[in-house]
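Engineer: One structure is given below, represented as structure tokens, and several questions about it will come after.
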């Protein structure tokens, strides 16, 4: 009986420690998301969209902004993904560039986010999701023939429809959209690495390191202004440590 009681107490302690760790993780994620949403709302005021399919109440916009921010955080702070900068705020800066890109491409509109209506896709129906990833128009089955591959640190295309993510996948799964955007941003920074950092989004916006420099500088300037007036609330290591709480099984093994 005493042995069973001791085991119960140990297991209860483990569960309690895990619950505290999970709450700490959620607190960090929520704080970081609030920091993002505050800036997203400054860039695109909630409920201000004129496109009929994009209309929503301000409070609905803010809920969706929070969802977008948390999906972006989960993507950028995934330990399997590399940031595009170096330093203690490398991932926070990467997050900023990703959100600035989404703002420029879609202003976080609901119709673009969910693929609603005929104005949700740009470039003649070829560009999909919040990041407006250019693939192709949908076939009769709703899928795109051109698909994107992100198995590497960068990305590639499949043109026979046999593999990869299609536009329909990017709209159905926001995190897939954001992950593809992150890989494309990383690819653009690599392709344009000989140019100043402010110009390295050029390949993303124009598939050319020269012609897209003005737009790139505008997007990067937006991030610089944000960070200057409202720095990230955490260093990367704090977020990474909180994003991967130890499971009860791991704690049990450790004991």
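The values are calculated or read from the model by the stated rules, or taken from the named source; none is laboratory data. Since the structure is predicted, the reported quantities are computational estimates derived from the model, not experimental observations. Counting neighbours? That spans all protein chains shown, and the Cβs are built from the backbone with ideal geometry, glycine included.
Engineer: Quick one: count up the residues across the range 47-72 that are in a helix (DSSP H, G or I) and either over 16 Å from residue 103 (Cβ atoms) or in contact with a strand residue (DSSP E or B) (Cβ under 6 Å, 6 or more places away or on another chain) (or both).
Structural biologist: 7
Engineer: Testing residue 110 on (1) at pLDDT below 95; (2) under 20 Å from residue 64 (Cβ atoms), one condition comes back false. Which one is that?
Structural biologist: For residue 110, the exception is condition (1).
Engineer: What do you reckon, is residue 136 at pLDDT 95 or above, farther than 16 Å from residue 184 by Cα and part of a loop (DSSP other than H, G, I, E, B)?
Structural biologist: yes
Engineer: Identify the residue in the range 86-109 that is in contact (Cβ under 8 Å) with a residue 60 or more places away in the chain and assigned to a loop (DSSP other than H, G, I, E, B) and, among all such residues, is nearest to the chain's Cα centre (by Cα).
Structural biologist: Among residues in the range 86-109 that are in contact (Cβ under 8 Å) with a residue 60 or more places away in the chain and assigned to a loop (DSSP other than H, G, I, E, B), the one nearest to the chain's Cα centre (by Cα) is 108.
Engineer: Would you please name the residue that is surrounded by the fewest Cβ atoms within 10 Å (Cβ to Cβ), looking only at residues in the range 151-167 that are touching a helix residue (DSSP H, G or I) at 6+ places or on another chain (Cβ under 9 Å) and without any contact (Cβ under 8 Å) to a residue 40 or more places away in the chain?
Structural biologist: 152
Engineer: Quick check: is even one residue across the range 112-123 part of a loop (DSSP other than H, G, I, E, B), touching a residue at least 12 places away in the same chain (Cβ under 8 Å) and over 28 Å from residue 61 (Cα atoms)?
Structural biologist: Scanning the range 112-123 turns up no residue that is part of a loop (DSSP other than H, G, I, E, B), touching a residue at least 12 places away in the same chain (Cβ under 8 Å) and over 28 Å from residue 61 (Cα atoms).
Engineer: Looking at the structure I just gave you, is residue 191 surrounded by fewer than 21 Cβ atoms within 10 Å (Cβ to Cβ), in contact (Cβ under 8 Å) with a residue 12 or more places away in the chain, under 24 Å from residue 220 (Cβ atoms) and in contact with a helix residue (DSSP H, G or I) (Cβ under 9 Å, 6 or more places away or on another chain)?
Structural biologist: yes
Engineer: At pLDDT below 95, surrounded by 13 or more Cβ atoms within 10 Å (Cβ to Cβ), out of contact with any strand residue (DSSP E or B) (no Cβ under 8 Å at 6 or more places or on another chain) and within 17 Å of residue 244 (Cβ to Cβ), is that true of residue 32?
Structural biologist: Answer is no for this residue.
Engineer: So, one more: Kindly indicate whether any position in the range 6-26 is modelled with pLDDT under 95, loosely packed, with under 14 Cβ neighbours inside 10 Å and within 19 Å of the chain's Cα centre (by Cα).
Structural biologist: Yes, the range 6-26 contains at least one residue that is modelled with pLDDT under 95, loosely packed, with under 14 Cβ neighbours inside 10 Å and within 19 Å of the chain's Cα centre (by Cα).
Engineer: With crowded, with 22+ Cβ neighbours inside 10 Å, part of a loop (DSSP other than H, G, I, E, B) and in contact with a helix residue (DSSP H, G or I) (Cβ under 7 Å, 6 or more places away or on another chain) as the only criterion, which of 170, 182, 178, 130 stands out?
Structural biologist: Every option except 130 fails the conditions.
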